[in-house]
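These notes are about the structure you will find just below.
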Amino acid sequence: MSVYFHFLQNRQIVSANHITMIHPTLHPDRMLKEHDFLYMLDGTWEIGEEYPTGGPKETFRMRSDDLLILPAGRHHYGISPCSPHNRHMYIHVKPLSEELTANTDASIAASAAPGPPPDGLTAFSSLIHCQDAPRIRSLFEEIISESWTDSDLKEQKLSLLFNLLLCELQEQQEKGESLSGAATLAEEVSRLIQSTPQTFFTGKELANRFYVCERTLTNHFKKAFGKTLYAYQMDLKLEMVRQFLLTQPGVKLHETALNFGFCDEFHLSKAFRRKYGLSPDQYRRKNS
């Protein structure tokens with residue numbers, strides 16, 4: 001089933017929290033007035049959904065790092081109990097009137113007619129796999145944390161964070177349609193490396209950050225970029241250093257080394273000469 005949402009609207013987070021189920025438990029049999037966003041941290045769960053007036057039914061089988069959207073006004077119920085010591089997060093969001101109408105009209109789901117979603121809404125899959133998208137998990141955690149603060153800007157920040165979460169979920173859907181999981185994971189790792197040039201990551205550090213085993217991550221990365229994680233980072237940082245030398249002629253070499261994650265200026269100079277055939281100082285003087 002599809003779920004429909006408006007982008008970039010003012011949002012009210014009703015509640016959000018972390019939950020641990022020590023014993024196997026069925027999902028509550030209920031029809032909420034709020035959208036229920038459910039993120040599985042660790043474990044499995046099988047949840048059913050149907051429209052309030054009948055129509056299509058569906059069963060969702062969740063595993064770790066899956067996100068399930070249970071829209072307001074639909075009937076949700078447990079199919080089988082969750083796994084023992086199940087850990088998950090939830091966010092309850094007040095629906096907009098157009099969303100409530102679209103998400104509870106069984107005729108929309110049953111219609112085979114092509115075309116855009118109703119009322120300019122955006123369609124989401126109910127179950128979205130986020131194993132290669134740690135940003136989604138981080139946003140979920142950030143929304144929960146912010147919901148428990150006493151900040152004067154709490155409501156505004158929560159609305160912005162939720163809209164950002166919707167954007168990330170939309171991008172994740174599009175990636176799933178156009179890229180394999182391996183390519184998507186490699187792309188996320190590459191983006192992190194590019195945005196933190198002062199750090200040399202080990203394979204273990206990156207694997208922990210992206211919730212995969214180290215061997216899987218390194219194999220996917222090498223397949224996507226044709227080089228190891230270390231070689232990719234070294235080539236990228238040296239290119240950044242090369243540009244930095246030209247745009248910041250007054251910065252000393254030891255500061256440049258620290259800016260880009262090298263142990264010291266000697267480590268940087270040796271790597272730079274190996275790649276460009278000149279020392280950083282020689283390169284800077286030649287191109288000044």
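Could you go through region 53-75 and let me know if any residue there is out of contact with any Pro (no Cβ under 9 Å at 6 or more places or on another chain) and on the phi > 0 side of the Ramachandran plot. Yes, region 53-75 contains a residue that is out of contact with any Pro (no Cβ under 9 Å at 6 or more places or on another chain) and on the phi > 0 side of the Ramachandran plot.
Can you tell me which residues in region 3-23 are polar (S, T, N, Q), open to solvent by less than 70 Å² (accessible area, probe 1.4 Å) and over 20 Å from the mean Cα position of the chain (by Cα)? Within region 3-23, Ser15 is the sole residue that qualifies. Restricting the first member to region 215-229 and to residues that are free of Cβ contacts under 8 Å to residues at least 40 places away in the same chain, and the second to residues that are assigned to a helix (DSSP H, G or I) and open to solvent by 60 Å² or more (accessible area, probe 1.4 Å), the beta-carbon pairs closer than 7 Å and six or more apart or on different chains are Thr228/Lys222. Of all residues in region 222-236, those satisfying the criterion of being closer than 24 Å to Asn259 by Cβ and open to solvent by less than 70 Å² (accessible area, probe 1.4 Å) are Lys227, Thr228, Leu229, Ala231, Tyr232, Gln233, Met234, Asp235, Leu236.
For region 185-211, taking the residues that are outside any helix (DSSP H, G or I) and of a type outside the set (Ser, Thr, Tyr), the one that is nearest to Gln172 (Cα to Cα) is identified as Phe210. For region 29-49, the set of residues classified as open to solvent by 40 Å² or more (accessible area, probe 1.4 Å) and part of a strand (DSSP E or B) consists of Arg30, Asp42, listed by residue number.
Against the list (1) hydroxyl-bearing (Ser, Thr, Tyr); (2) farther than 24 Å from Leu67 by Cβ; (3) buried (at least 16 other Cβ atoms within 10 Å of the Cβ), the condition Ser190 fails is (2). Number of residues in region 132-165 that are among the polar types (S, T, N, Q) and in contact with a Lys or Arg (Cβ under 8 Å, 6 or more places away or on another chain): the value is 4. Candidates in region 207-217 are the residues that are crowded, with 17+ Cβ neighbours inside 10 Å and in contact with a helix residue (DSSP H, G or I) (Cβ under 6 Å, 6 or more places away or on another chain); of these, the one that is modelled with the lowest pLDDT is Phe210. Taking (1) more than 30 Å from Leu153 (Cα to Cα); (2) among the hydrophobic types (A, V, I, L, M, F, W, C); (3) loosely packed, with under 13 Cβ neighbours inside 10 Å in turn, Leu26 satisfies each apart from (3). In this entry, Ile69 is excluded by the filter for residues that are of a type in the set (A, V, I, L, M, F, W, C) and more than 23 Å from Glu142 (Cβ to Cβ).
Considering region 212-288, the qualifying helices (runs of 4 or more DSSP H), each wholly inside and each with 2 or more residues that are within 32 Å of the chain's Cα centre (by Cα), run over 214-225, 229-247, 253-259. When every residue of region 55-73 is checked against the conditions, at least one turns out to be among the charged types (D, E, K, R) and open to solvent by less than 50 Å² (accessible area, probe 1.4 Å).
The rows are residues; the columns are (1) of a type in the set (Ser, Thr, Tyr); (2) in contact with a His (Cβ under 7 Å, 6 or more places away or on another chain); (3) within 15 Å of Ala133 (Cα to Cα).
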| site | (1), (2), (3) |
| --- | --- |
| Glu187 | no, no, yes |
| Arg209 | no, no, yes |
| Leu217 | no, no, yes |
| Phe225 | no, no, no |
| Leu229 | no, no, no |
| Gln248 | no, no, no |
| Thr256 | yes, no, no |
| Asp264 | no, yes, no |
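The values are calculated or read from the model by the stated rules, or taken from the named source; none is laboratory data. A quick note: this is a predicted structure, and the numbers were derived from the prediction, not measured. Quick reminder, even Gly has a Cβ in these numbers, built from the backbone with ideal geometry, and neighbours come from all protein chains shown. These accessible areas exclude ligands, DNA and RNA; they are computed on the full protein's heavy atoms, side chains included. Shrake-Rupley method; radii C 1.70, N 1.55, O 1.52, S 1.80 Å.
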